[in-house]
Amino acid sequence: MTAEPTTAHSSRWPVPPQDGYTVDDLFTLPDLPPHTELIDGSLVFVSPQRDFHSTMIDLLMTGLRSTAPPEVRVRREMTVVLDRRNAPEPDVSVVRTEAITGLDVTRYQAADVLLAVEVVSPDSEARDREAKPHKYATAGIPHFWLVETTGTDRHPVVRVYELDPVTKAYALTGIHHDRLKTGVPFPVDVDISAEALAAL
């Protein structure tokens, strides 16, 4: 009995073009993993989600949808086109209702996004804290929330930012630990306590 010959793995990573990928490439390259993002012309692959990440998104989605006015919609993990070389996927977005033209929509333009939310994961910490907020602000998205955990009990904390039209940068307007209560982009009141998270 002879051993079967070993063959090389058939899949290949895509070779980036000299000037990097564009938004068009993001939507036409075959077999990209789900939730692939485009940051500065590079493809960014997402690691498997932790339970905190998924559950926190659910908590915020429910809270935002409970008070969202008819002129906006709340969406989870949808691509937002910032420019031809940047198309991140916020964990939660609040978009203008008229931007949703059908169930086959795959992306939104930055001009249609009122709020982008990032829930920090260990593998995306620098992107979520530094790169993405800067890009969202530059693209003119008026509101940004950064969600993390704090302390040994990994309690949720939401940092709320608003775009300063003069500096074109985000200014911190609040840090929320047990209850997220703010009047923008519309009145929001969400229980973000550890107990609320555990109840999901």
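The values are calculated or read from the model by the stated rules, or taken from the named source; none is laboratory data. Just so it is clear, the structure is predicted and the values come from calculations on it, not from any experiment. For neighbour counting, all protein chains shown are included, and Cβ atoms are generated from backbone atoms with ideal geometry for every residue, glycine included. When the accessible area is computed, the model is the full protein with side chains, heavy atoms only, and any ligands, DNA or RNA have been set aside. Shrake-Rupley method; radii C 1.70, N 1.55, O 1.52, S 1.80 Å.
Based on this model, can you work out whether A196 counts as of a type outside the set (V, I, T), outside any strand (DSSP E or B) and open to solvent by less than 80 Å² (accessible area, probe 1.4 Å)? First the steps, then the outcome.
Values: of a type outside the set (V, I, T): yes; outside any strand (DSSP E or B): yes; open to solvent by less than 80 Å² (accessible area, probe 1.4 Å): yes.
So A196 fits the description; yes.
What number of residues in region 106-119 are aliphatic (A, V, I, L, M) and either open to solvent by 60 Å² or more (accessible area, probe 1.4 Å) or at pLDDT below 95 (or both)? Walk me through how you get there before you give the answer.
Let us first name the residues in region 106-119 that are aliphatic (A, V, I, L, M), namely 110-111, 113-117, 119.
Narrowing the set further to residues that are either open to solvent by 60 Å² or more (accessible area, probe 1.4 Å) or at pLDDT below 95 (or both) leaves 111.
Of the residues in region 106-119, 1 are aliphatic (A, V, I, L, M) and either open to solvent by 60 Å² or more (accessible area, probe 1.4 Å) or at pLDDT below 95 (or both).
Sort out which residues of region 131-180 are touching a residue at least 40 places away in the same chain (Cβ under 8 Å), open to solvent by 70 Å² or more (accessible area, probe 1.4 Å) and among the hydroxyl-bearing types (S, T, Y), and write them in order of number.
Answer for region 131-180, where residues must be touching a residue at least 40 places away in the same chain (Cβ under 8 Å), open to solvent by 70 Å² or more (accessible area, probe 1.4 Å) and among the hydroxyl-bearing types (S, T, Y): just T138.
Specify the residue that is nearest to the chain's Cα centre (by Cα); the eligible residues are those in region 60-77 that are open to solvent by 50 Å² or more (accessible area, probe 1.4 Å) and not hydroxyl-bearing (S, T, Y). Spell out the reasoning first.
Residues of region 60-77 that are open to solvent by 50 Å² or more (accessible area, probe 1.4 Å), as a first pass: 62, 65-67, 70-71, 73, 75-76.
Subset that is not hydroxyl-bearing (S, T, Y): 65, 70-71, 73, 75-76.
On the way: R65: 17, P70: 22, E71: 21, R73: 15, R75: 10, R76: 8 Å.
Residue satisfying both the conditions and the ranking: R76.
For region 44-59, give me the residue count where each residue is open to solvent by 30 Å² or more (accessible area, probe 1.4 Å) and either at pLDDT 90 or above or farther than 16 Å from T79 by Cα (or both).
Taking region 44-59 as the starting set, the residues that turn out to be open to solvent by 30 Å² or more (accessible area, probe 1.4 Å) are 45-52, 54, 58.
Filter once more, keeping what is either at pLDDT 90 or above or farther than 16 Å from T79 by Cα (or both): 47-52, 54, 58.
Residues flagged as open to solvent by 30 Å² or more (accessible area, probe 1.4 Å) and either at pLDDT 90 or above or farther than 16 Å from T79 by Cα (or both) within region 44-59 amount to 8.
Taking region 78-100 on its own, how many of its residues are farther than 24 Å from A131 by Cα and under 13 Å from the mean Cα position of the chain (by Cα)?
Looking only at that region, the number is 0.
Kindly indicate whether any position in region 78-97 is over 25 Å from K168 (Cα atoms), acidic (D, E) and either open to solvent by 30 Å² or more (accessible area, probe 1.4 Å) or out of contact with any strand residue (DSSP E or B) (no Cβ under 6 Å at 6 or more places or on another chain) (or both).
The answer is no, given that none of the residues of region 78-97 is over 25 Å from K168 (Cα atoms), acidic (D, E) and either open to solvent by 30 Å² or more (accessible area, probe 1.4 Å) or out of contact with any strand residue (DSSP E or B) (no Cβ under 6 Å at 6 or more places or on another chain) (or both).
Considering only region 65-98, state which residues are of a type in the set (A, V, I, L, M, F, W, C) and either part of a strand (DSSP E or B) or modelled with pLDDT under 95 (or both).
Within region 65-98, V72, V74, V80, V81, A87, V92, V94, V95 qualify.
Output the qualifying pairs, or none if there are none: Cβ atoms under 7 angstrom, residues six or more apart or on different chains, first residue in region 49-62 and closer than 16 Å to T150 by Cβ, second residue among the polar types (S, T, N, Q) and open to solvent by 20 Å² or more (accessible area, probe 1.4 Å).
Within 7 Å, the pairs are R50/S121; F52/T149; H53/S121.
If a residue has to be over 19 Å from V160 (Cβ atoms), of a type in the set (G, A, S) and in contact with a strand residue (DSSP E or B) (Cβ under 9 Å, 6 or more places away or on another chain) to count, how many in region 111-130 make the cut?
Total meeting the criteria: 2.
What number goes with the only condition from (1) in contact with a helix residue (DSSP H, G or I) (Cβ under 8 Å, 6 or more places away or on another chain); (2) without any contact (Cβ under 8 Å) to a residue 12 or more places away in the chain that V94 does not pass?
Going through (1) in contact with a helix residue (DSSP H, G or I) (Cβ under 8 Å, 6 or more places away or on another chain); (2) without any contact (Cβ under 8 Å) to a residue 12 or more places away in the chain one by one, V94 breaks only (2).
If I filter region 1-38 down to residues being charged (D, E, K, R) and at pLDDT 90 or above, which single residue comes out as least open to solvent (accessible area, probe 1.4 Å)?
Step one: of region 1-38, the residues charged (D, E, K, R) are 4, 12, 19, 24-25, 31, 37.
Within this subset, residues satisfying the condition of being at pLDDT 90 or above are 24-25, 37.
On the way: D24: 105, D25: 44, E37: 9 Å².
Filtering first and then ranking leaves E37.
Is there any pair with a first residue in region 22-45 that is under 20 Å from Y136 (Cβ atoms) and among the charged types (D, E, K, R) and a second that is part of a loop (DSSP other than H, G, I, E, B) and open to solvent by less than 70 Å² (accessible area, probe 1.4 Å) whose Cβ atoms are under 6 Å apart and which are 6 or more apart or on different chains, and what are they?
Matching pairs, first to second residue: E37/P88; E37/E89.
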